[in-house]
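To start, the structure under review is shown below, and the notes come after it.
Readers should treat all values here as calculations from the given coordinates under stated rules, not as data from a laboratory. These numbers come from a predicted model, not from an experiment. Positions of Cβ are generated from backbone atoms using ideal geometry, with glycine treated the same way; all protein chains shown enter the neighbour counts.
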């Protein structure tokens, strides 16, 4: 039997002593109380794993004591000791949250088995709670680093969405920008946090199998379907299903997905019965423009607009330079713990090189660069010579006369310059956003974000 802390609450001294001696031999730490009031005080100070509670005691009875214990700790594991013929009261105790009951007179072997199973349950509960708390901490919004106005706006929107009843969220951004971290932060900071988070990488599942994986199948639905199988939507019941790269789902599956979103029901492959489902769908895509896929007939317009009720866009790292150094320092702090090192910061030269680099792999590429330094270098500060060749040799390309100018001595407003450049680009291409984004070297979604920021969408 697993060793644990056991509290015995019983007004019969013979039972507390004999049972206490037996459990002590089994390796348990035993506490005893002769009343409900005394048992509650011990419970407060010693936090036992299991409580053995007699139902019939003078003063505070077993049922009232059980209620108080559950108020103190809703996960408290309480085993009821009841006299023969008092089964109805014991069943009432089970309904109030008691783990199990044993009848007097009981055999020590029988109660040892019940306590052993209860201790296993207690240890599993602790482990689950620990892992859950670890996930809550890992995927807290404070771990999403963002000093730029664009990232702060995305985080603020994600926090609002997390606490809402919204069941569809679309996160867009280039590969490596942190869409997965944002999706998990939304789930683990929502009312659904204690329910499953099921991740589906749409590109990793063969096209012929994705419908069966998402919605399950009935026996005989196809050649190898020898038994019925639940789909990932059923496994995610009450929680969140995260569809990574949703733009790669085939059209027939998109239709079924739309029905699941709108009617909260679906049928398994080969099935006739409607299955109700309550899930939040967080979809992500690194496609620069999902609207183009809609126009080209590769993605259903009705599904796209159903998903886009609450869109969150994460800008590429090269368009939010303010986040590069804070992100690097975040990873330095993390890897110091992981690799047991003490790198304190970044030299001015390395600092500038990191800011100059384009980071086409975004935050993921920056993390990999920092991790590489921790693995290969023995240093207390990150210097230029520690950076990989592509960062050291990178130079910003600019056409003569287009990208260079002298800063006036009186200074200027960067926001005004950005607004004017966007206005000029739109004028040159007669308002065509796709062409304007190419002129500016940014994605169309990034352009729309900046147009909205500067009030240019109506113009």
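Pairs of C-alpha atoms in the range 182-250 farther apart than 19 Å represent 41 percent of all such pairs. The stretch between residue 344 and residue 73 holds 93.3 nm of extra length on full extension. This uses 0.36 nm per residue minus the Cα-Cα distance. Panel values: the range 139-313, Kirkwood radius from alpha carbon pairs, Stokes-Einstein at 10 °C and 1.306 mPa s, translational diffusion coefficient 95 µm²/s. With axes computed from alpha carbons, what is the tilt in degrees of helix 36-46 against the longest principal axis of the chain, rounded to the nearest 10 within 0 to 90? Rounded to the nearest ten degrees, it is 40.
Simple spin-label estimate for residue 46 and residue 92 gives 2.9 nm between the two label positions (7 Å along the Cα-to-Cβ direction from each Cα).
Rounded to the nearest 500 deg cm²/dmol, what is the calculated helix-only ellipticity per residue at 222 nm for the chain, with -39500 (n - 2.57) per DSSP H run of length n ≥ 4?
Computed mean residue ellipticity for the chain: -14000 deg cm²/dmol.
Expressed as a fraction of 2.2 N^0.38 Å, the C-alpha radius of gyration for the range 317-392 is 0.99. Expressed as an acute angle from 0 to 90° and rounded to the nearest 10, what is the orientation of the C-alpha long axis of helix 251-263 relative to the principal long axis of the chain? Value to nearest ten degrees: 60. Our summary of shape: the Cα atoms of the range 5-135 have principal axis extents of 45, 31, 26 Å, ordered from largest down, in whole angstrom. Scaled against 2.2 N^0.38 Å for its residue count N, the alpha carbon radius of gyration of the range 62-184 is 1.72. Short-range pairs are left out: with C-alpha atoms under 8 Å and at least six residues apart, the relative contact order of the range 5-135 is 21 percent.
Remark: the range 42-92 is approximated by an ellipsoid whose semi-axes, taken from the C-alpha gyration tensor as √(5λ), come to 20, 11, 10 Å, largest first. Taking all Cα pairs closer than 8 Å and separated by 6 or more residues, the relative contact order of the chain comes to 11 percent.
Fewest-first ordering of 123, 386 by other beta carbons within 10 Å of each residue's beta carbon gives 123, 386.
Which order do the peptides 230-236, 264-270 come out in when sorted by mean C-beta neighbours inside 10 angstrom, highest first?
230-236, 264-270
Quick one: what does P(r) look like for the chain with 20 Å bins over all Cα pairs, in whole %? Distribution as computed: 19, 36, 31, 13, 2 percent. With the highest mean first, a sort of the peptides 202-212, 337-347, 93-103 on other beta-carbon atoms found within 10 angstrom per residue produces 93-103, 202-212, 337-347. Quick check: the angle from helix 179-188's long axis to the longest principal axis of the chain, C-alpha only, nearest 10 degrees? With rounding to tens, the tilt is 30 degrees. When DSSP beta bridges are restricted to pairs lying wholly in the chain, around 5% turn out antiparallel. Arranged from fewest to most other beta-carbon atoms within 10 Å of their beta carbon, 331, 360, 22 become 360, 22, 331. At an R0 of 60 angstrom, the distance between the Cβ atoms of residue 318 and residue 56 translates into a FRET efficiency of 0.25. The simple Förster model, with R0 at 56 Å and r as the Cβ-Cβ distance, assigns residue 221 and residue 416 a FRET efficiency of 0.35. The modelled label-to-label distance between residue 156 and residue 453, using points 7 Å beyond Cα along the C-beta direction, is 1.3 nm. Between the alpha-carbon centres of the range 273-318 and the range 28-68 there is a gap of 54 Å.
Spacing of the modelled spin labels on residue 371 and residue 252, each 7 Å from Cα toward Cβ, amounts to 3.8 nm. If you look at the Cα atoms of the range 1-73, you get an Rg and a Dmax of 11.6, 33 Å.
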